[in-house]
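The structure appears below as structure tokens.
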Amino acid sequence: MAQSGDHARAVTSAAGSVCGRPEIKGVKLQSIPGRVNGCGIEEPVKVTSVSGVALSTPITVDCQTAVVFNAWVGQALVPLTKNLGGGVREVNIMASYACRSRNNQRGAKISEHGKGHAVDVGGFTLANGVKLTVLDHWNHSQHGDLMKQLHRVACGPFGTVLGPKSDRFHQNHFHFDTARYRSGSYCR
């Protein structure tokens, strides 16, 4: 999957595209100051769809995260579901920007959500209306392999990928963020 450049900028076109990518639909927002040190987004965008796939609720992120999320949807989710129920219609978003600590734990570091670098995905809805969720289908005989493959291919483009096997906080969703580590991506 393609990764974003270091200089992704939020530029809204007449067609409603942002981040210089026609397939990322949304609007540029004003800077979001953090209510605590370490939170906030300098150049946020509110994204409503990526690669032709609607989001159940708009995500508020920076352009780097929007570009990487768009690549995951367009290069992994869409092709892997194209022969399943008519393809993917909507991504079930559970969270994006929120000024909070990791896992909402007192004393923990600021979450990547608090920097506009993270998206939580609970599953997706197919064109035929069938909903596939991380919670219900991770260990499902029919769709478990698909869920695991979607988790696996996110590792690398995203700096952190967490799912049901990571900890009790991620049993029902995938956490994707664009944090970078010297040792490489952290995927569980």
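ALA98 fulfils the conditions (1) of a type in the set (A, V, I, L, M); (2) within 23 Å of HIS170 (Cβ to Cβ); (3) at pLDDT 95 or above except for a single criterion, (3).
Here is a yes/no grid of residues against (1) over 21 Å from MET147 (Cβ atoms); (2) outside any helix (DSSP H, G or I); (3) under 16 Å from the mean Cα position of the chain (by Cα):
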site	(1), (2), (3)
VAL36	yes, yes, no
GLU43	yes, yes, no
THR48	yes, yes, yes
THR57	no, yes, yes
ALA66	yes, no, yes
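Looking only at residues in segment 174-188 that are in a strand (DSSP E or B) and modelled with pLDDT of 90 or more, the one that is nearest to TRP72 (Cα to Cα) is PHE176. Restricting attention to segment 155-169, report how many residues are in contact with a Lys or Arg (Cβ under 8 Å, 6 or more places away or on another chain), more than 17 Å from ALA71 (Cα to Cα) and at pLDDT 90 or above. Count: 4. Checking each residue of segment 19-32 against the condition of being closer than 23 Å to TYR181 by Cα and among the hydrophobic types (A, V, I, L, M, F, W, C) gives no match. Against the list (1) over 19 Å from SER96 (Cβ atoms); (2) free of Cβ contacts under 8 Å to residues at least 40 places away in the same chain, the condition HIS170 fails is (1).
So that you can scan it fast, the table gives a plain yes or no per residue for (1) among the basic types (Lys, Arg); (2) part of a strand (DSSP E or B); (3) modelled with pLDDT under 95; (4) within 13 Å of the chain's Cα centre (by Cα):
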position: ARG106; (1), (2), (3), (4): yes, no, yes, no
position: GLY123; (1), (2), (3), (4): no, yes, no, yes
position: ASN128; (1), (2), (3), (4): no, no, no, no
position: GLN142; (1), (2), (3), (4): no, no, yes, no
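Checked against the criterion of being over 21 Å from SER56 (Cβ atoms), exposed (fewer than 14 other Cβ atoms within 10 Å of the Cβ), touching a residue at least 12 places away in the same chain (Cβ under 8 Å) and polar (S, T, N, Q), segment 141-155 contains one or more residues that satisfy it. Taken over segment 11-58, the criterion of being crowded, with 20+ Cβ neighbours inside 10 Å and modelled with pLDDT under 95 is satisfied by CYS39 alone. For segment 19-68, the tally of residues that are among the β-branched types (Val, Ile, Thr) and touching a Cys at 6+ places or on another chain (Cβ under 7 Å) stands at 3. Only one entry in SER96, SER111, SER101 is surrounded by fewer than 22 Cβ atoms within 10 Å (Cβ to Cβ) and either closer than 19 Å to ASN70 by Cα or small (Gly, Ala, Ser) (or both), namely SER101.
The values are calculated or read from the model by the stated rules, or taken from the named source; none is laboratory data. Please read all numbers here as calculations on a predicted model, not as lab measurements. We place every Cβ from the backbone using ideal geometry, glycine too, and count neighbours over all the protein chains shown.
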